[in-house]
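Structure first, then comments.
What follows draws every value from the coordinates through simple rules; no lab data is involved. On a predicted model such as this, the values are computed, not experimentally measured, just so you know. Every residue, glycine among them, receives a Cβ derived from its backbone with ideal geometry; neighbour counts consider all protein chains shown.
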Amino acid sequence: MVQRIEAEGSVALKDGRHVTIRNLQESDRVALATFGQSLPRNDILYLEDDFTHPEIISRLANASHAENWRQIVAVTDDGEFVGYTAAMRMPGWSNHVANIRLIVQPDYRRSGLGMHLAQAIVEAARELGATKVTVDMLAALTAGQAIFSRLGFAVEGQLARHAIDRDGNLHDIVIMSAFVRV
Ligand SMILES: CC(C)(COP(=O)(O)OP(=O)(O)OC[C@H]1O[C@@H](n2cnc3c(N)ncnc32)[C@H](O)[C@@H]1OP(=O)(O)O)[C@@H](O)C(=O)NCCC(=O)NCCS
């Protein structure tokens, strides 16, 4: 079971910097697009959503009021986005399950921001009514697996050659999950 932790608001990072964690708004389209453009090629290649694509940015910004979707961003005092996380409740017989995405801008990694965002989105998923949370990522993304393991997630399965990166190469996917305290 994942513990309930309130993580919204101002956050002090391990390196002394501060960011604000808040819900994504429809008016954040440009900042989100700039965040996408700031990500390194390796991240773009291996993330499920292509944050450099204007249509994807529009879809995310338009979903800021979606009933079954929560999106949280980490914002610097200058208004720059340095982290993004989302939880989406699944349709149909898995509608008690929310799937999570998480990404932190490389300059802000290893400062605890990923953990703050992960805690915030698990709490947001619980508020959405989800009792189970899942996250899937390329098996090669060990940092993501480390962070969710520390939050109490366990590996539930691995899908062989289940994702194709933007260069056309196949990759295994790891699925991690946790049950959320209601
Ligand atoms: C995964 C990711 C969000 C982590 O963000 P972060 O801000 O660096 O994470 P934190 O600083 O909060 O790290 C928390 C803990 O996770 C583990 N961790 C994070 N990055 C790690 C790495 N590169 N190698 C090993 N462990 C790592 C550590 O245990 C770390 O604690 P510590 O720094 O006290 O040792 C970031 O690396 C990222 O955006 N990666 C690309 C996208 C991705 O893989 N997303 C996850 C799946 S959707």
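Overview of results
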{"quantity": "Inter-part distance where the range 140-182 and the range 48-125 are each reduced to a Cα centre, Å", "calculated": "16 Å"}
{"quantity": "Where the Cα pairs of the range 45-112 fall when distances are cut into 10 Å bins, in %", "calculated": "17, 47, 30, 6, 0"}
{"quantity": "Per-residue Cβ neighbour rank within 10 angstrom, fewest leading, Val122, Val19", "calculated": "Val19, Val122"}
{"quantity": "Cut-off of 10 Å, at most 16 other beta carbons, DSSP loop: longest stretch of the chain lacking such GluC sites (Glu not before Pro)", "calculated": "81-182"}
{"quantity": "For the chain: relative contact order, % (alpha-carbon pairs under 8 angstrom, 6 or more apart)", "calculated": "22 percent"}
{"quantity": "Rg/Rg_ref, the chain, where Rg_ref = 2.2 N^0.38 Å and atoms are Cα", "calculated": "0.97"}
{"quantity": "Candidates Gly114, Gly92, Gly152, ranked by Gaussian network fluctuation over the chain, Cα under 10 Å, top entry", "calculated": "Gly92"}
{"quantity": "Gained length - Met90 relative to Ala154, 0.36 nm times residue gap less alpha-carbon distance", "calculated": "21.1 nm"}
{"quantity": "Mean Cβ count within 10 Å, highest first, over the residues of peptides 82-88, 95-101", "calculated": "82-88, 95-101"}
{"quantity": "Under the span-like rule (Cα at least 24 Å along the axis, Kyte-Doolittle mean at least -0.5), DSSP H helices of the chain", "calculated": "none"}
{"quantity": "Computed helical MRE - 222 nm, the chain, DSSP H runs ≥ 4 contributing -39500 (n - 2.57), nearest 500", "calculated": "-8000 deg cm²/dmol"}
{"quantity": "Among Ile103, Ile164, Ile57, residue whose mean-square fluctuation peaks in a GNM of the chain (springs only between Cα atoms under 10 Å)", "calculated": "Ile164"}
{"quantity": "Reference-scaled alpha-carbon Rg (2.2 N^0.38 Å with N residues) for the range 99-169", "calculated": "1.19"}
